[in-house]
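*Asks:* Okay, handing you the structure first.
The values are calculated or read from the model by the stated rules, or taken from the named source; none is laboratory data. Remember, predicted model here, so these are calculated numbers, not experimental data. We place every Cβ from the backbone using ideal geometry, glycine too, and count neighbours over all the protein chains shown.
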C-alpha cells in the first residue's frame with residue numbers, strides 16, 4: 001500500500017543543494033504530494049508546470065523532461081506514469097544535480113505510483 005506520508009518524506013529528502021521544492025501531481029496540476037517551504041508556492045508551481053508540460057506534450061509525444069528557467073529559479077518536470085514529477089531549484093542550482101535527483105526520485109517512485117494510477121497516454 002502506498003502511503004502519502006512516505007511519499008512526502010521521500011520528496012523531502014531531495015530538498016538539498018539548491019532544490020527548494022519537490023512535487024508529484026496529476027497531469028492537470030492537482031497536487032498528490034509535495035515537499036516545499038509553503039503550500040502556496042507548491043500550488044503555483046504545480047499549476048504552471050503542468051500547463052506547460054501538457055502544451056509541449058501535445059506537440060511532442062516523445063517528451064521525456066523539461067527544464068524551465070524562471071525568475072524564481074529553475075523548474076525540472078518529467079512524467080511518472082500518468083503523473084508528473086516537478087523539482088524547483090534556485091537559479092544557481094547545477095542542472096546535473098537537478099536532473100540526477102529527478103531521475104533518482106522517478107526510479108524510486110515509478111513502480112508504486114503506477115500501481116495507484118496506471119500509465120495513461122496524454123490526450124490533450
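*Asks:* For residue 102, only one of the following conditions fails: (1) exposed (fewer than 12 other Cβ atoms within 10 Å of the Cβ); (2) free of Cβ contacts under 8 Å to residues at least 60 places away in the same chain. What is its number?
*Replies:* Condition (1) is where residue 102 drops out.
*Asks:* Step by step: first the residues of segment 11-41, then only those that are assigned to a helix (DSSP H, G or I) and modelled with pLDDT of 90 or more, then the one that is surrounded by the most Cβ atoms within 10 Å (Cβ to Cβ). Which residue is that?
*Replies:* Applying the first criterion (assigned to a helix (DSSP H, G or I)) to segment 11-41 yields 11-12, 39-41.
With the extra rule that they be modelled with pLDDT of 90 or more, the set shrinks to 11-12.
Working: 11: 22, 12: 14.
By that ranking, first place goes to 11.
For (1) surrounded by 14 or more Cβ atoms within 10 Å (Cβ to Cβ); (2) part of a strand (DSSP E or B); (3) at pLDDT 95 or above, each residue gets a yes or a no:
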{"residue": "63", "(1), (2), (3)": "yes, no, no"}
{"residue": "68", "(1), (2), (3)": "yes, yes, no"}
{"residue": "93", "(1), (2), (3)": "yes, no, no"}
{"residue": "98", "(1), (2), (3)": "yes, no, no"}
{"residue": "109", "(1), (2), (3)": "yes, no, no"}
{"residue": "112", "(1), (2), (3)": "yes, no, no"}
{"residue": "115", "(1), (2), (3)": "no, no, no"}
{"residue": "118", "(1), (2), (3)": "no, no, no"}
{"residue": "122", "(1), (2), (3)": "no, no, no"}
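*Asks:* On to the next question. Could you pull out the residue among 58, 49, 8 that is outside any strand (DSSP E or B), out of contact with any helix residue (DSSP H, G or I) (no Cβ under 6 Å at 6 or more places or on another chain), surrounded by 21 or more Cβ atoms within 10 Å (Cβ to Cβ) and touching a residue at least 24 places away in the same chain (Cβ under 8 Å)?
*Replies:* On the way: 58 fails: surrounded by 21 or more Cβ atoms within 10 Å (Cβ to Cβ); 8 fails: surrounded by 21 or more Cβ atoms within 10 Å (Cβ to Cβ).
Matching residue, one of 58, 49, 8: 49.
*Asks:* While we're on this one: Can you pull out the residues in segment 70-91 that are outside any loop (DSSP other than H, G, I, E, B) and more than 20 Å from residue 15 (Cβ to Cβ)? Don't jump to the end; show me each part of the working.
*Replies:* Taking segment 70-91 as the starting set, the residues that turn out to be outside any loop (DSSP other than H, G, I, E, B) are 70, 73-80, 83-89.
Listed by number, the list holds a single entry, 79.
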